[in-house]
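Student: Have a look at this one.
The values are calculated or read from the model by the stated rules, or taken from the named source; none is laboratory data. What you see is a predicted model, and the numbers here were worked out from it, not measured in a lab. Ideal geometry is used to build each Cβ from the backbone, glycine not excepted, and the neighbour counts take in all protein chains shown.
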Amino acid sequence: MADIATHDTDHATDHGHHSSTGLSNNKLAMWLFLGSECLLFGGLISTYMLYRGRVQNGPHPSQIYDVPFTSVSSFVLLMSSLTMVLAVSSAQRKDDSKTNLWLLITGLLGATFVGGQVYEFTTFYREGLGFTTSLFSSSFYSLTGFHGVHVSVGVIMLLSLRGIIKKGKITGDKAEVVELIGLYWHFVDIVWIIIFTLVYLIPS
Amino acid sequence: MSTNELTLTPSQSPGLVKSPLSISPSGSLGAVRRPVNTTGWREWLFTVDHKKIGIMYGCVAFVFFIVGGVEALFIRLQLALPDGRILSADKYNQMFTMHGTTMIFLFAMPMAAAFANYFLPLQIGARDVAFPRLNALSFWLFVSGGLILNASWFLGGAADGGWFMYAPNSGPVFSPSNGVDFWVLGLQIAGIASLIGSINLIVTVLNMRAPGMTLMKMPVFTWMILVVQFLLVFSLPVITVALVLLMFQRSYGATFFDVSQGADPLLWQHLFWIFGHPEVYVLILPGFGIISEVLPTFSRKPLFGYPFVVFSGASIGLVGFGVWAHHMFASGLGPVSVAVFSMATMAIAIPTGVKIFNWILTMWGGKIWYSVAMKFAIGLVVLFTIGGLSGVTHAVAPSDTQQTDTYYIVAHFHYVLVGGMMFGLFSGFYYWWPKVFGKMLNEKLGNWNFWLMLIGMNLTFGPMHILGLQGQPRRMYIWTEARAGEGFFNFGFWNLVSSIGSFVLAVGVLFFIINVIKTARNPERAPLDPWDARTLEWLTTSPPKVYNFDRIPVVHHLDEFFHRKYVEDETTHTMTQIATCEDLMRAEEAAADTGIHLPGPSYWPLLLAIGVAVLGMGVIYGTPIMVVGALVVLFSSFGWVLEPSVPEPIDFDSPSTDGHTKEIAPLG
């Protein structure tokens, strides 16, 4: 959805209108969307917390998590927040080539994280944790899978934005478009910090 | 200031409409040529005008209202006499499930969205909503969701688990037909529609009010819609989680509601009602907003205690998030939870009571004009109070455990929803019809409509209090003479009364339809300001111009339009008319803005909605269909992002030579 929310940027900001809140329409909409997303992840996290100890078949969480591996991929994702900040800052300085570079790096770091998740899911599946194995497995894959889809959508947005900037097709405030995707990206990272803590670090 | 329109002097316009970058003609168009100069049905299909979208919302919602109404009549026919044979047990289950689902998600919410879409920008003095294309997307997604929900009737049977669809009963073991799958997908899509719509309207209200219109000078209708949108933004994601979990279980074998695996049957109930209770206020608050406009207008008095009405509406919304478990008192939550939720639920009666007193005091001492709109508004106050009082009896947990799953509950929520929400919407129809269509609905037919609905409504749902207290369970598809009881409390008698009442109610609605048809054929135009109204939507023609206002009004008062017509005498506090609406309109037209640029029509909202619908169908009919849907979604998302929301000059067939764009709207 988030990519849709960015579409009106050219229109909403480039004519120098002031809004009642001081936030542009796009940014306000993005904040509301992220507020709504909090409740979405809230529901999924609650479901996981309810079911994480309920294992009738297959492996138990403590038997399967590889905390060092996930810590590394979490670190990669957190670093992508840093590069995202650098992309936003370059965009605000109207430095197109730097912006494109940081967007690319952010996208690649995100893709690395998603790749790590695919690897993790494959390993878990080989060890006998299918999507339908137990309450724990269904809620684990749903929660982390939903997060993975969010990261993937973010990667698609980052890389498409880069292409669009390169072709010079953004008619409005470029920096704001980058910032909007940045908001989304940081949100997805923050959610991961919560998921990583609750799912991997706290023993069930 | 609104960010959505661009007002220019002619000398500036050539420079400003150009984008900062030089774009070749093919470059600005995205993937396909933009439908800028559409006429006929295309004009509606690709429109992004909030008024056209509002009308389409209203029409589609009304069709679903008829569908849901016919389903209700089937239910009442089945129960009218002992051993009913109209419906089988299975069809009966589908009937009441779809009746509830249709009325809530496909009639009440979109009809409120129709009013919100049409009147919210007009009431705050804006030219459109913040995201016109997203607005169109909301509408088309709602249509997709509604069609998917109802397609189930023809594709193997509709959902049959009740509108709350409790899992594990709705899981694959107990509900093997595809009905629940259609239901789950239809509601997810309708949910995305509402979410997008709510974000759009919040941004519109917060960012695009006319100069001078502070939040506390906003009309109450706009306020209530704002509260509703916040409720939607924070409650829809929760039901989305529930729907996704159920979909994963039904379509992909997940275990969330599989009790044999140790699943908790209360999980669904919590997720559903965390959404479901705010949803109740999502349904009723627009009605409250509408009558808060109608009552002052027809009492010739300002709304009594405007800030109290606003803040009690907001606090109803806020507390509404903390009362969901009162739907679950019979599920064994434990005494602490029950006590807390019981208290919270009773607390909601306070702001609601405040509102009712405010409405009564608005009418007190006013010169009341008993138009049909006013009658419906008074009807709401009376019927909602009855429904609210029976609601308080549910808040008392010990009494609620006796009432749970009886017709007493059915009586309660139909009093608040039919008597409250629906009467509010009908009040809105009569009040705003001349604004939207430029013609007055017939008052005589309107009286038939009102009185038949009022009598029918009470005949239908009044006896259900008695039936419920006698213990007739909800969702009971058949009853027998032998167990109907004796005398006053005879089930048979009251069931028959209720069924007769439902047909009286239906005839009342039929009078509305006749009224609409008759009005459409009547050539007589409505006056500009037939009700001597108070708010900004009347400061334009009827129907409003494409760009809404000749110039953006500057607001100085609550009820700005009224204060432009009347001045108050300092000492006697009497109001003297200084201008008519016609005078005001002449002044506005004389000082009209020029060069108003409006967002252009677009293919993408419709195409994206179709893509989402196909994607959803793929969950039921297989991955290849899903892939097709995903590709359509991806393609239209990119087309959307690459298309500027205001058309470029080159989007028009022949760019005019003097550098001006051809206006979609004629200049004011």
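Student: With the requirement that a residue be without any contact (Cβ under 8 Å) to a residue 12 or more places away in the chain and part of a loop (DSSP other than H, G, I, E, B), what does segment B:37-87 give you?
Tutor: Of everything in segment B:37-87, those that are without any contact (Cβ under 8 Å) to a residue 12 or more places away in the chain and part of a loop (DSSP other than H, G, I, E, B) turn out to be B:Thr39, B:Arg85.
Student: Answer yes or no as to whether A:Phe124 is of a type in the set (Phe, Trp, Tyr) and within 14 Å of chain B (Cβ to nearest Cβ).
Tutor: Answer is no for this residue.
Student: Give the residues of segment B:388-412 that are in contact with a strand residue (DSSP E or B) (Cβ under 9 Å, 6 or more places away or on another chain) and part of a helix (DSSP H, G or I), sorted by residue number.
Tutor: Selection gives B:Tyr407 alone.
Student: Checking the structure you have, find out if any residue of segment A:171-189 is part of a loop (DSSP other than H, G, I, E, B) and of a type in the set (A, V, I, L, M, F, W, C).
Tutor: Checking segment A:171-189: not a single residue is part of a loop (DSSP other than H, G, I, E, B) and of a type in the set (A, V, I, L, M, F, W, C).
Student: Restricting to segment B:194-208, and then to whatever is closer than 15 Å to A:Gly22 by Cα, buried (at least 24 other Cβ atoms within 10 Å of the Cβ) and not β-branched (Val, Ile, Thr), can you tell me which residue is farthest from the other protein chains (Cβ to nearest Cβ)?
Tutor: So the residue we want is B:Met208.
Student: Identify, from the list B:Gly616, B:Gly622, B:Gly629, the residue that is without any contact (Cβ under 8 Å) to a residue 40 or more places away in the chain and either under 26 Å from B:Met56 (Cα atoms) or under 27 Å from the mean Cα position of the chain (by Cα) (or both).
Tutor: Going through B:Gly616, B:Gly622, B:Gly629 in turn, the sole match is B:Gly629.
Student: Still on this structure, I have one more. From B:Ser260, B:Ser251, grab the single residue that is part of a helix (DSSP H, G or I), surrounded by fewer than 23 Cβ atoms within 10 Å (Cβ to Cβ), within 12 Å of another protein chain (Cβ to nearest Cβ) and in contact with an Asp or Glu (Cβ under 8 Å, 6 or more places away or on another chain).
Tutor: Just a single option satisfies the conditions, and that option is B:Ser251.
Student: Please find, among B:Pro296, B:Pro278, the residue that is crowded, with 22+ Cβ neighbours inside 10 Å, over 15 Å from B:Ala242 (Cα atoms) and free of Cβ contacts under 8 Å to residues at least 60 places away in the same chain.
Tutor: Sole residue among the options that is crowded, with 22+ Cβ neighbours inside 10 Å, over 15 Å from B:Ala242 (Cα atoms) and free of Cβ contacts under 8 Å to residues at least 60 places away in the same chain: B:Pro278.
Student: A further question on this structure: With the structure loaded, tell me whether B:Ala609 is touching a Cys at 6+ places or on another chain (Cβ under 9 Å), in contact (Cβ under 8 Å) with a residue 12 or more places away in the chain and either assigned to a loop (DSSP other than H, G, I, E, B) or buried (at least 21 other Cβ atoms within 10 Å of the Cβ) (or both) or whether it fails that test.
Tutor: Considered against the rule, which asks whether it is touching a Cys at 6+ places or on another chain (Cβ under 9 Å), in contact (Cβ under 8 Å) with a residue 12 or more places away in the chain and either assigned to a loop (DSSP other than H, G, I, E, B) or buried (at least 21 other Cβ atoms within 10 Å of the Cβ) (or both), B:Ala609 comes out as no.
Student: Hey, another quick one. Can you confirm whether segment B:109-116 contains a residue that is buried (at least 24 other Cβ atoms within 10 Å of the Cβ), in contact (Cβ under 8 Å) with a residue 24 or more places away in the chain and farther than 28 Å from B:Val180 by Cα?
Tutor: Yes: segment B:109-116 contains one or more residues that are buried (at least 24 other Cβ atoms within 10 Å of the Cβ), in contact (Cβ under 8 Å) with a residue 24 or more places away in the chain and farther than 28 Å from B:Val180 by Cα.
Student: Would you mind finding the one in B:Glu279, B:Glu293 that is among the charged types (D, E, K, R) and closer than 17 Å to B:Leu120 by Cα?
Tutor: Exactly one residue qualifies, and that residue is B:Glu293.
Student: Follow-up question, since we're still on this one. Looking at segment B:168-193 only, could you name the residues that are of a type in the set (Gly, Ala, Ser), assigned to a helix (DSSP H, G or I) and crowded, with 24+ Cβ neighbours inside 10 Å?
Tutor: Residues satisfying the conditions are B:Gly179, B:Gly186, B:Ala190, B:Ala193.
Student: Please give the number of the condition B:Ile225 fails out of (1) surrounded by fewer than 24 Cβ atoms within 10 Å (Cβ to Cβ); (2) out of contact with any Ser or Thr (no Cβ under 7 Å at 6 or more places or on another chain).
Tutor: With respect to (1) surrounded by fewer than 24 Cβ atoms within 10 Å (Cβ to Cβ); (2) out of contact with any Ser or Thr (no Cβ under 7 Å at 6 or more places or on another chain), B:Ile225 is out only on (1).
Student: What number of residues within segment A:184-204 are buried (at least 19 other Cβ atoms within 10 Å of the Cβ) and within 10 Å of the chain's Cα centre (by Cα)?
Tutor: Looking only at that region, the number is 7.
Student: Would a scan of segment B:235-250 turn up a residue that is among the charged types (D, E, K, R) and touching a Lys or Arg at 6+ places or on another chain (Cβ under 9 Å)?
Tutor: no
Student: Quick one: B:Lys91 ticks every box in (1) surrounded by fewer than 24 Cβ atoms within 10 Å (Cβ to Cβ); (2) of a type in the set (D, E, K, R); (3) in a loop (DSSP other than H, G, I, E, B) bar one, so which box is it?
Tutor: Going through (1) surrounded by fewer than 24 Cβ atoms within 10 Å (Cβ to Cβ); (2) of a type in the set (D, E, K, R); (3) in a loop (DSSP other than H, G, I, E, B) one by one, B:Lys91 breaks only (3).
Student: Another question, if that's okay. Checking the structure you have, find out if any residue of segment B:562-576 is touching a Leu at 6+ places or on another chain (Cβ under 9 Å), modelled with pLDDT under 90 and under 25 Å from B:Val129 (Cβ atoms).
Tutor: Within segment B:562-576, not a single residue is touching a Leu at 6+ places or on another chain (Cβ under 9 Å), modelled with pLDDT under 90 and under 25 Å from B:Val129 (Cβ atoms).
Student: May I pose another question? Within segment A:127-151, how many residues are closer than 21 Å to A:Cys38 by Cβ, within 12 Å of chain B (Cβ to nearest Cβ) and either in contact (Cβ under 8 Å) with a residue 60 or more places away in the chain or assigned to a loop (DSSP other than H, G, I, E, B) (or both)?
Tutor: Matching residues across segment A:127-151 total 5.
Student: Go through segment A:93-105 and give me each residue that's loosely packed, with under 15 Cβ neighbours inside 10 Å and either of a type in the set (Gly, Ala, Ser) or part of a helix (DSSP H, G or I) (or both).
Tutor: A:Asp96, A:Ser97
Student: Same structure, new question: Hey, any hits in segment B:425-435 for a residue that's among the basic types (Lys, Arg) and crowded, with 21+ Cβ neighbours inside 10 Å?
Tutor: yes
Student: Does any residue of segment B:346-361 turn out to be modelled with pLDDT of 95 or more, out of contact with any strand residue (DSSP E or B) (no Cβ under 8 Å at 6 or more places or on another chain) and either among the acidic types (Asp, Glu) or not in a helix (DSSP H, G or I) (or both)?
Tutor: Within segment B:346-361 (the criterion being modelled with pLDDT of 95 or more, out of contact with any strand residue (DSSP E or B) (no Cβ under 8 Å at 6 or more places or on another chain) and either among the acidic types (Asp, Glu) or not in a helix (DSSP H, G or I) (or both)), the answer is no, since none of the residues qualifies.
Student: Also, quick follow-up: Looking only at residues in segment B:362-384 that are of a type in the set (A, V, I, L, M, F, W, C) and part of a loop (DSSP other than H, G, I, E, B), which one is farthest from the chain's Cα centre (by Cα)?
Tutor: B:Trp364
Student: Can I ask one more? Can you confirm whether B:Val641 is touching a helix residue (DSSP H, G or I) at 6+ places or on another chain (Cβ under 6 Å), in a helix (DSSP H, G or I) and not polar (S, T, N, Q)?
Tutor: no
Student: Of all the residues that make up segment A:41-74, how many are surrounded by 19 or more Cβ atoms within 10 Å (Cβ to Cβ), within 14 Å of chain B (Cβ to nearest Cβ) and in contact with a Phe, Trp or Tyr (Cβ under 8 Å, 6 or more places away or on another chain)?
Tutor: Total satisfying the criteria: 7.
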